[in-house]
Amino acid sequence: MTDLPTDLPSSARTVVIGGGIVGCSTAYHLAQMGEEVLLLEQAKLTSGSTWHAAGLVGQLRSSANITQLLGYSVDLYRRLEAETGLATGWKMNGGLRLACNAERWTEVKRQATTARSFGLEMHLLTPAEAKELWPLMQVDDVVGAAFLPTDGQASPSDIAAALAKGARMAGAAIREGVPVTRILVEDGRVAGVETPAGTIACERIALCAGQWSRALAATVGVNVPLVSVQHQYMITEPFGVPTGLPTLRDPDRLTYWKEEVGGLVMGGYEQNPVPWAVDGIPAGFEFTLLDSDFGHFEPMVELALGRVPSLETVGVKQLVNGPESFTPDGNFILGEAPELRGFFVGAGFNAFGIASGGGAGMALAEWVARGEPPFDLWGVDIRRFGQPHRDTGWVRSRTLEAYSKHYTMAWPGEEHASGRPCRRSPLWAALRDAGAVFGEKLGWERANWYAAPGEEARDVYTYGRPNWHAAVGREHLACRERAALFDQSSFAKFVLKGPDAEAALARIAAGDVARAPGAVVYNQMLNDRGGIECDLTCTRIAEDEYYIVTGTGFATRDFDWIARGIPAGMRAELIDVTCGWAVLSLFGPRARDILAACTADDVSHEGFPFATWRRIGIAGAPVRALRVTYVGELGWELHMPSECAQSVYDALHAAGAEHGLANAGYRAIETLRLEKGFRAWGSDIGPDHTPDEAGLGWAVKLREGRDFRGRGAVEAQRRDGVRKLLATFTAAPEVVLHGRETIYRNGERCGWLSSGGFGHTVGRAIGMGYVRSEGGVDRDYVLSGSYELEVATERVPVEVTLEPLHDPRMARVKC
């Protein structure tokens, strides 16, 4: 064992655990911000997985902000050598991506449009043009290729060393050979760390320990859902490969390539990945590789030979088998853990830690120092996980599936198959028997659509019109013309209770929650910049109690935001009651007729106005009926004890038979809400979008004396104006929109779609997206423009509106 350092400080404001590229980057950025930071590495810097990483650096992702974060990595790596004097091995030699069939070519063209939306340069090439850039390959099966000139490659160990030197230059302390053996906690907050060399007091911890992160975090009750998976790549002997060769990704052959000292590195993502360290990581595993598994890698070689035939005669220098940490959704993990204040995580980088390291370290450092990320990072936020992710077996099953799909087609609407079913509504069996085709979110099985007799009850994926399009259309029109019943039991549901419940919620919520019991209030919860952190409903049950309902996938995040927002000293407790309540949503012009046949309670408009709730009886069940809608039709969310769900479901269907009541799923909800112009958190709205920008300013109540978080930002924006506005676009029905299509105003790029789909009532393709201009945007600016969308590199004309396409005056809802 390495001798322990004798100069360990007794305290530091922030302790970074882990000296790989992400830990070094986090320490570097914290030090650049003037923060006191100490980095502890249990062995030597880079000794975990950084030292054996392949080192490809790509930028384009499906999220604009993650693309921006990876772009920051590139900018950092370009200047790091000049700043620190240490070589980084950074080469901006560009990146090629091949397409070998029509669907993959469509995917690549849509990626090119996404790149344009996000301001990233990307060129589409013919097979011959691609071969000019990469002359070693044969292209007989290639349909086309994409080239990103600002992608590149780096030496992972050299990048990390340069970041470490830069951190020291800015005042950070780094100690190697110091394992953290215990994390100290006091009053629900980080208090310090114990090491064999002594105890260090600290206010904050940034855990960047790679594969070791899950086990260490678990000692203080923090869940970091990652597992180790073997990852192999081959290094050839030198054979004259030019040093300027771009990196190459060949997803239809599951492989990637890069030049290295005159030879090639070839690796890939096999369909049958091998987990590692199922029983824990062995002690002393540092600068260590696993035994090469030539038998497992042989299929990858066979695929690679079809692309680079000369590989057959080239010597193999090494087959590297280095385990890396992977996550259930293929995205890395950043942010402050909801279980423990002051405990931040940067881990699970899914073999693209080098590409992410610079930007992830920057973002995590800002999160640590300022209490919030520099921009919306929901796609990698640690709070995106939930109860299933606490089970390592479930995490491993889903992670192996995600690994195996790394290079398969990224289909629109694709669902995972592993770890299912996990969480089931009480109605799961009944819905299955009715033809439901289920999707999954946060472990919950949810009916996406219903197959009619004779229809195949499974998803068939495509970039064109999917096989569920007609079925969703039936459900959509049933809701518009008759009535539809949706099982939304997976909604996250909280109770805020206590003498100070109103005062606490009023501090967090931008809407007016000081309403009498019986009111249902649609609400945003804002950050200090006015960005929308939560989008939910608050139902006042009693003077001291609110019932809060939010989206399934936001259960952990929204609970954390609300709980942290309760001012100190206020007597209000937040409780998760999700599993205790089932939800059936009854919507459509015949909804009142059906509900009236099931209950003796008054459900007339006069007796039961919009945005109120009542306790009613159905089939002997005590039902909380909330008169709200997310589909733009008359109706109610019916919340009932879970054990009563089947009885209520049966009663509604019995009463609804004569009215044409139909089961409907989440994909119909999506098409219905697009027609109505309802926003979806995580796509159309989020922490980077304010209510006024999103067209939701009406929900913010600025009455005198209300001091809610974000009020100052809202007032400033109303005074100074906005630079983007959310608009709705419609295109010809044959156009297929999925989101991220580029918006052009008067021929100039001005944004991208945040949502896309089809409106079965209006018979048009529908997209929502922000029209942006640094000079300011208002209603006249949006409506005065002529617009086109770029869809898979082709421009199509569209019409724009700021009003809902369906029932803009809410007459059908408030009747």
Q. Probe 1.4 Å, all protein chains in place: accessible area of Arg78 in Å², nearest 10?
A. 140
**Q.** Percent of Cα pairs exceeding the 26 Å cut-off, where the set is region 620-763
**A.** 46
Q: Calculate, in nm to one decimal, what Glu643 and Thr219 gain on full extension: separation in residues at 0.36 nm each, minus their alpha carbon distance.
A: 149.1 nm
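Whenever you get a sec, compute what percent of the accessible area on region 345-494 sits on carbon and sulfur atoms (1.4 Å probe).
Details: 2470 of 4930 Å².
The C+S portion of the solvent-accessible surface of region 345-494 is 50 percent.
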Q. Given the alpha-carbon gyration tensor of region 107-207, what are the semi-axes of its equivalent ellipsoid in whole angstrom, ordered largest first, with each equal to the square root of 5 times an eigenvalue?
A. 48, 18, 14
Q. In the set [x] 1.03; [y] 1.29; [z] 0.97, which value of Cα Rg over 2.2 N^0.38 Å was calculated from the structure you see?
A. [z]
**Q.** Using alpha-carbon coordinates, inclination of helix 555-565 to the longest axis of the chain, degrees
**A.** 80
Q. Once the principal axes of the Cα atoms of region 200-347 are found, what is the range along each, listed largest first in whole angstroms?
A. 57, 33, 30
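What do you reckon, how do Val631, Val762 stack up by accessible area (1.4 Å probe), largest on top? Intermediate values should be presented prior to the final figure.
Numbers: Val631 0, Val762 55 Å².
In descending accessible area the options line up as Val762, Val631.
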Q) Under 15 Å from the 7 Å Cα→Cβ point of Glu176, by amide nitrogen: which residues of region 15-50? A) 18-21, 24, 39-50
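Averaged per residue, what accessible area in Å² does region 719-815 show with a 1.4 Å probe, protein chains only? Mind dumping the intermediate values first?
Values: 4400 Å² over 97 residues.
Ligands and nucleic acids excluded, the figure is 45 Å² per residue.
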Q) Using the alpha-carbon atoms, what tilt in degrees (0 to 90, nearest 10) does helix 64-84 show relative to the longest principal axis of the chain? A) 30
**Q.** Near-label residues of region 562-584 by backbone N, under 14 Å of a point 7 Å along Cα→Cβ of Ala503
**A.** 566-573
Q. For a label point 7 angstrom out from the Cα of Lys317 toward its Cβ, which stretches of region 103-138 have the backbone nitrogen within less than 20 Å?
A. 135-137
Q) Helix 353-370 versus the longest principal axis of the chain: what is the Cα-based angle in degrees, 0 to 90, to the nearest 10? A) 60
Q. Reachable lysines from Lys91, Cα under 25 Å, same-chain residues fewer than 8 places away excluded?
A. Lys131, Lys165, Lys258, Lys317
Q | Set of lysines with alpha-carbon distance to Lys493 below 18 Å, sequence-local pairs under 8 removed | A | Lys441
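Give me the compactness ratio for region 1-128, meaning the Cα radius of gyration over 2.2 N^0.38 Å. Walk me through the numbers on the way to the answer.
Numbers: Rg = 19.5 Å, N = 128, 2.2 N^0.38 = 13.9 Å.
Output field value: 1.40.
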Q: Express in Å², to the nearest 10, the accessible area of Glu121 obtained by rolling a 1.4 Å probe over the protein heavy atoms while all chains stay in place.
A: 90
Q | Ratio of the Cα radius of gyration of region 469-540 to 2.2 N^0.38 Å, where N counts its residues | A | 1.52
Q) For the charge dipole of the chain, defined by +1 on Lys and Arg C-beta atoms and -1 on Asp and Glu C-beta atoms about the Cα centroid, which residue among Pro149, Leu672, Leu626 has the Cα displaced farthest towards the positive pole? A) Leu626
Q) Using Cα-only point scatterers and the Debye equation, what is log10 of I(q)/I(0) for region 703-772 at each q in 0.12, 0.16, 0.23 Å⁻¹, rounded to two decimals? A) -0.47, -0.67, -0.93
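Need one number: convex hull volume per residue for region 358-486, Cα atoms only, in Å³.
Numbers: hull volume 23.6 nm³, N = 129.
Dividing the Cα hull volume of region 358-486 by its residue count gives 183 Å³.
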Q | Cross-link partners of Lys497 among aspartates and glutamates (Cα-Cα below 19 Å; sequence separation of 8 or more within a chain) | A | Asp512, Glu543, Asp544, Glu545, Asp558, Asp560, Glu573, Asp576
Q: Please calculate the 1.4 Å probe accessible area of Trp212, with all protein chains present, and give it to the nearest 10 Å².
A: 60
Q: Would you kindly state how much longer the chain becomes between Glu401 and His605 on full extension, computed as 0.36 nm times their sequence separation minus their alpha carbon distance, in nm to one decimal?
A: 68.5 nm
(Q) If I model a spin label as a point 7 Å beyond the Cα along the Cα-Cβ vector, how far apart are those points for Asp576 and Glu543 in nm? (A) 3.2
Q) What is the spread of the Cα atoms of region 467-615 along each of their three principal axes, largest first, in whole Å? A) 51, 41, 28
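Assuming 0.36 nm per residue, please report the length gained on full extension of the stretch Leu702 to Asp140 beyond their Cα-Cα distance.
The Leu702-Asp140 span can extend by a further 195.9 nm.
The values are calculated or read from the model by the stated rules, or taken from the named source; none is laboratory data. All figures in this text were calculated on a predicted structure; none of them were measured in a lab. For neighbour counting, all protein chains shown are included, and Cβ atoms are generated from backbone atoms with ideal geometry for every residue, glycine included. Protein only, heavy atoms only, side chains kept; ligands, DNA and RNA dropped before computing areas. Shrake-Rupley method; radii C 1.70, N 1.55, O 1.52, S 1.80 Å.
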